[in-house]
Every structure is written in structure tokens, then in C-alpha cells.
1. Among A:150, B:121, B:33, whose Cα sits farthest toward the positive end of the charge dipole of the protein assembly as shown (+1 at Cβ of Lys/Arg, -1 at Cβ of Asp/Glu, about the Cα centre)?
2. Take peptide B:163-170, look around each residue's Cβ out to 10 angstrom, count Cβ atoms belonging to other protein chains, and average those counts.
3. Quick one: compute the contact order of the range A:69-204, relative version, from alpha carbon pairs under 8 angstrom and 6+ residues apart, as a percent.
4. Straight-line reach from residue A:60: which lysines have a Cα under 24 Å away, not including same-chain ones fewer than 8 places off?
5. Output ³J(HN,Hα) for the range A:126-139: one whole-Hz value per residue in order, computed from phi by the Karplus curve 6.51 cos²θ - 1.76 cosθ + 1.60 with θ = phi - 60°, and x for Gly and Pro.
6. Taking R0 as 30 Å, what's the FRET efficiency between residue A:51 and residue A:138 from their Cβ-Cβ distance, rounded to 0.05?
7. Tell me, rounded to the nearest percent, the portion of alpha carbon pairs in the range B:95-167 spaced more than 19 Å apart.
8. Determine ³J(HN,Hα), in whole Hz, for all residues of the range A:80-87 in sequence, where each value follows from phi through the Karplus function 6.51 cos²θ - 1.76 cosθ + 1.60 and θ = phi - 60°; x replaces Gly and Pro.
Protein chains: 2
Amino acid sequence: MTSSTATAAPSPEVGDGRRRILEAAAELFQVRGYAETSTRTIAEAVDMRAASIYHHFDSKDALLTEILAIGMQAVTDAFDAAELATEPDETGAQRLQRHVTAHLDALFGHKAFTAAHVTVFPFVPAAVRVASVEDRDRYEARWTDLLGSIAPELDPSQVRVVRLSLFGVMNSTLDWFDPAAEGSLDELANAFVSTLWSGLGTVGGGN
Amino acid sequence: MTSSTATAAPSPEVGDGRRRILEAAAELFQVRGYAETSTRTIAEAVDMRAASIYHHFDSKDALLTEILAIGMQAVTDAFDAAELATEPDETGAQRLQRHVTAHLDALFGHKAFTAAHVTVFPFVPAAVRVASVEDRDRYEARWTDLLGSIAPELDPSQVRVVRLSLFGVMNSTLDWFDPAAEGSLDELANAFVSTLWSGLGTVGGGN
DNA sequence: GTCTATACATTGATAGAC
DNA sequence: GTCTATCAATGTATAGAC
């Protein structure tokens with residue numbers, strides 16, 4: 001935090017109202033839904049009037065579009081970081097688990113923004129969907145490549161099922177896993193990958 | 001179909017508009033969302049005016065409540081049937097697979113009604129949620145019992161994770177699996193259970 | 001059981017003062 | 001950058017004719 005000027009930010013709610021609007025809206029969209037949340041409700045959450053939102057965003061749709069972009073950026077950055085951490089002699093399971101952990105970390109680290117992709121996305125207006133779909137496709141393609149290289153014995157159709165199932169499990173954790181109360185995301189990722197790799201017998205039974 | 005009177009139903013769209021409203025609304029809620037679908041749009045889908053809906057249902061919320069109840073009935077009936085089909089000498093994996101198949105069959109057999117529980121439920125008005133939560137809790141409890149009896153080596157917290165993960169996968173199939181184009185739900189259930197039981201190595205590799 | 005007509009609230013968004 | 005005031009559109013729902 002380099003305070004270059006004398007008028008350094010005094011309040012904890014520093015900076016632009018823009019970011020505060022984004023965060024409040026993302027939270028409300030996640031909990032109540034997009035159509036269910038009015039611009040007045042968003043404004044109320046940040047102690048403003050609805051009209052002020054339109055100084056920062058062209059429309060409610062534009063606000064949602066940016067929220068979705070932030071969510072995709074979070075998981076994409078996490079994927080990049082996990083990829084960079086690759087070690088030459090690691091096993092496929094180790095590499096997969098690092099990526100699963102990275103995805104879960106990004107999911108819960110920016111929950112309101114990433115959850116929008118899981119719960120709100122199916123119902124977003126068509127214009128918003130097309131604005132996000134490229135980023136989403138790119139992220140899915142990276143996972144397809146990852147899984148294909150980790151499990152080369154699977155054909156493309158099997159890779160697809162594994163990828164979509166894995167996403168189904170990982171994204172569902174947003175609804176039922178609480179990192180603060182239940183333990184680390186790394187343990188959860190380990191449980192997922194070891195089950196996917198070796199089955200429940202390994203997890204519940206022997207080693 | 002006992003046609004007791006001479007004025008038997010001639011058209012394929014027989015009977016009450018009530019059922020037609022339910023099915024059109026369920027379909028629209030699944031695709032567009034609840035708040036995003038107006039009563040006018042529902043009426044248009046069944047060639048009526050919005051006011052006519054209120055002859056059959058007290059409110060839009062009441063219509064959604066009944067859709068959710070139908071969805072829960074479908075999966076509950078399927079669970080009952082799968083339980084009745086239990087054979088004395090079957091393995092845990094066989095019993096589990098029958099239940100997974102039953103759940104998937106019910107999911108896709110009444111897709112609009114069951115999908116409402118997955119995609120729409122998080123955002124339904126509080127009054128609608130409380131009306132459905134009992135049925136949902138009961139269904140979850142049955143799965144908890146089932147998994148606990150099949151895998152007694154798991155502690156309750158592990159059973160919870162397995163149950164919620166399994167639901168995460170199964171419910172996600174509504175988004176990406178097409179029984180008409182991709183093959184039987186029984187094969188999909190088999191892939192899920194064998195992976196859960198023995199890991200990916202079994203599915204993709206050897207036997 | 002479906003219609004027309006309408007009441008009434010809420011919505012996304014804009015204009016213009018400060 | 002936030003406000004007040006306001007508009008036009010759309011929402012759920014009701015009343016009453018047919």
C-alpha cells in the first residue's frame with residue numbers, strides 16, 4: 001500500500017463506488033438471482049440511489065457482464081498459476097489435484113463472481129450470454145486438454161463426460177461446502193481426485 | 001383410459017388446461033427462469049390470456065410450488081420403485097447403481113419439473129421454498145440412509161460429502177447429457193457408480 | 001373456463017440540478 | 001459522482017361479462 005499523496009484513503013471502504021457496486025451486485029445476484037434483484041436494491045446495498053449506478057455502468061446487463069468476466073478471470077488466472085507450478089516428475093493425479101485445488105480456491109476466493117457463472121448464467125439475457133461465452137469456452141477447452149493429456153486412454157467422448165462430471169461436482173461445492181467450518185479446500189480436492197482415480201474403496205477403506 | 005362417456009377426448013391436447021399450464025410453465029421456468037418468465041408468456045404458450053391462469057392457480061408462486069411438488073414426486077416414486085426391486089444377494093454397487101439409474105430416469109423423464117429443483121430453486125421466493133423444503137429434506141434423508149448402509153465404513157461427514165457430490169454430478173447431467181443422442185441413462189449410471197467405486201482406471205483402462 | 005378491461009406496483013433507465 | 005424527479009414499459013393480479 002504505497003500512499004503517494006497526503007490525501008490517503010481514510011475509510012476502509014476506499015476508492016470508487018464502482019467496485020462497491022460490483023461486489024454488492026454480485027452478492028445479490030448470487031443469493032437472489034439476476035431478474036429478482038432490482039437496481040434499487042443494489043443501490044440500497046451500497047447506500048446510493050439507483051440512478052448513480054448508471055454513472056458507472058451503461059445498464060444492468062453491462063453490470064452483470066462485468067461480474068461474469070471477473071469470475072472467469074479468477075478461474076483462468078488460477079488455472080494459469082497451477083499450470084506454471086508443474087513439476088517435471090509429477091504424476092497425473094498430482095497435476096490434476098493441483099488444478100482441482102486451484103479451481104476450488106478461485107471459486108471460493110471470489111465466490112459471488114464465480115457463483116454467478118453456475119447459478120445465474122443459465123438465465124442471463126442472450127446479449128450477456130454471448131459476451132461471456134468465449135471466455136467460458138476457452139476455459140473448458142483448457143480442461144479438455146488437461147484431462148486428455150492426463151488420461152490419454154480416454155477417448156474424446158469419455159473426456160467430455162469426465163470433464164462435465166468433474167465440473168458438476170466442483171461447482172456444486174459452492175452450495176454445500178464451507179471452507180471456514182469444514183476444513184481446507186485442498187483436502188476436499190484430494191478427496192475428489194483420489195476417488196476419481198482409485199474409487200471410494202481407497203478413500204473410505206484401506207489407505 | 002376408460003372412456004365412460006360418449007364425448008371422449010378427440011384432440012391430443014385433451015382435458016384440462018390446468019395440466020397444459022403446468023407443463024408450459026415448467027418448461028419456461030427451466031429455460032428462462034422463474035422471475036424472467038411472465039404470466040403473459042406462460043399464457044401465450046398455451047394460447048390463453050394471463051387472467052385464465054388465475055382460474056387454475058391462486059398465484060404465480062402457487063403454480064411454481066405445484067411444479068416443484070411434481071418434480072419431487074417423480075424422484076421419490078423412482079426411489080421407492082428402486083428400493084422395491086432390491087434382491088437379497090446383490091452387492092452394494094448394484095443397489096447403488098439401480099438408485100442412480102432411477103434418479104436419472106426420473107430426472108430426464110420429467111425434466112422440466114425436476115430441473116426446476118436444480119436451477120430455479122435457489123432463487124424461489126421464501127414462501128415457495130418453505131413449501132418444498134420438507135419433501136426435499138425427506139428425499140435427501142433417504143439417500144443418506146442408502147449410502148450409509150451401502151458404505152458403512154464411511155462416517156456421517158463422509159457420507160454427506162459423497163451424497164452431495166453424487167447429487168452434484170447427477171443433477172449436472174441435466175445440462176449436458178442428451179439421452180436421445182448419447183446413449184442410455186443406464187450406461188451413464190454405470191459409469192458414475194463404477195468410477196465412484198473403483199476409480200477412473202477401471203473405466204478407461206483395463207477391464 | 002376463458003375472455004376484456006383495468007388497477008396498481010415495480011422495473012430499468014434518463015434528464016438535469018448540485 | 002450522487003442526487004431528485006420522472007417516464008415508459010411491464011409485472012401480477014382482480015372484476016365482471018360471456
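None of the figures in this text is laboratory data; all of them are computed from the coordinates on show. In this text, all values refer to a predicted model and were calculated from it rather than measured experimentally. As a convention, Cβ positions derive from the backbone with ideal geometry for all residues, glycine included, and neighbour counts pool all protein chains shown.
1. So the residue we want is B:33.
2. The mean count of partner-chain Cβ atoms within 10 Å per residue comes to 6.
3. Relative contact order, the range A:69-204: 32 percent.
4. A:111
5. 4, 4, 6, 4, 5, 6, 9, 5, 5, 4, 5, 4, 5, 5
6. Plugging the Cβ-Cβ distance into 1/(1 + (r/R0)^6) gives 0.25.
7. Value for the range B:95-167 (Cα pairs over 19 Å): 43 percent.
8. 4, 4, 5, 5, 5, 7, 4, 10
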